[in-house]
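Student: Following this message is one structure expressed as structure tokens.
The values are calculated or read from the model by the stated rules, or taken from the named source; none is laboratory data. Not measured: the values here are computed from a predicted model. When we count neighbours, we look across all protein chains shown, and the Cβ atoms used for this are built from the backbone with ideal geometry, even at glycine. Heavy atoms of the whole protein, side chains included, go into the accessibility calculation; ligands, DNA and RNA do not. Shrake-Rupley method; radii C 1.70, N 1.55, O 1.52, S 1.80 Å.
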Amino acid sequence: MRWYVGHTQPSSEVKASSHLRNQDFAVYLPRYLKRRRHARRIDWVPAPLFPRYLFIGMDLAVARWRAIRSTIGIAGLVCHGDRPTPVPIGIVEALQARENDDGVLTLPAAPPFDKGDRVHITEGALRGLNGLFEGTPDEERVIILLDLLGREVRVQVPLEVVRAVA
């Protein structure tokens with residue numbers, strides 16, 4: 001068995017995955033926790049790591065892979081010529097190895113800014129102030145160096161209230 005890439009219709013990854021499993025294909029849909037902000041609430045919801053794509057495990061010599069194209073939720077297969085292109089060996093396995101017990105990938109949080117970047121605070125008591133990005137103590141807060149009353153002061157603010165200055 002090798003892994004191949006299926007291209008899904010918009011927001012149909014879960015539906016396509018279900019229909020492919022009903023046809024006895026092995027399916028892997030890598031997901032991560034995405035922060036969603038709605039109505040002043042912040043939720044962490046699972047979202048596809050590769051929107052509109054999923055991995056399908058099959059043996060091309062045995063599987064009826066052409067039926068995948070007419071599966072509900074599938075737009076097509078990633079092909080080279082008229083045959084599906086296999087994913088290099090080890091890629092899917094490496095993704096699966098990074099999953100936690102809930103089946104969600106744990107991704108390292110990359111800082112949204114580089115040290116020394118100019119940033120602007122958009123909300124809160126410090127709204128309207130500009131400063132220099134200094135670092136991230138955790139995934140939800142950032143440290144900013146502000147010039148207040150002629151003195152440099154380090155402050156921690158929530159990541160969602162900081163924007164880059166163009």
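Student: Counting only helical runs of four or more DSSP H residues, what would the 222 nm mean residue ellipticity of the chain come to if each run contributes -39,500 (n - 2.57) and the total is spread over all its residues? Don't skip to the answer; put the middle values down first.
Tutor: On the way: 2 runs with 17 residues, N = 166.
Estimated from H runs of four or more residues: -3000 deg cm²/dmol.
Student: Along the charge dipole of region 2-145, which of Tyr32, Ser11, Val87 sits closest to the positive end, that is, farthest toward it, with unit charges on the beta carbon of Lys, Arg, Asp and Glu (+1, +1, -1, -1)?
Tutor: Positive-most Cα among the choices belongs to Ser11.
Student: Right, here's the next one. Would you mind checking the tilt of helix 13-22 against the longest principal axis of the Cα atoms of the chain, expressed as 0 to 90 degrees and rounded to 10?
Tutor: 30
Student: How many percent of the accessible area of the chain is carbon or sulfur, using a 1.4 Å probe?
Tutor: Numbers: 5500 of 10750 Å².
After summing per-atom areas, the C and S share lands at 51 percent.
Student: May I pose another question? Work through the residues other than Leu49 whose Cβ is under 13 Å from its Cβ and net out their charges, Lys, Arg +1 and Asp, Glu -1. Let's see the in-between values first.
Tutor: Values: positive: Arg31, Lys34, Arg52, Arg98; negative: Glu13, Glu99.
In short, +2.
Student: Indicate, rounded to the nearest 5 percent, the antiparallel portion of the DSSP beta bridges found entirely in region 13-147. Intermediate values should be presented prior to the final figure.
Tutor: Working: 21 of 22 bridges.
Close to 95 percent.
Student: Quick one: accessible area per residue over region 106-147, 1.4 Å probe, rounded to a whole number of Å²? All intermediate terms of the calculation are to be shown ahead of the outcome.
Tutor: Values: 2660 Å² over 42 residues.
Using a 1.4 Å probe on heavy atoms only, each residue of region 106-147 averages 63 Å².
Student: Which longest uninterrupted range of the chain lacks any GluC sites (Glu not before Pro) assigned by DSSP to a loop state (not H, G, I, E or B) and surrounded by at most 15 other Cβ atoms within 10 Å?
Tutor: Numbers: sites that count: Glu123, Glu139, Glu140.
Within the chain, the longest run free of exposed GluC sites (Glu not before Pro) spans 1-122.
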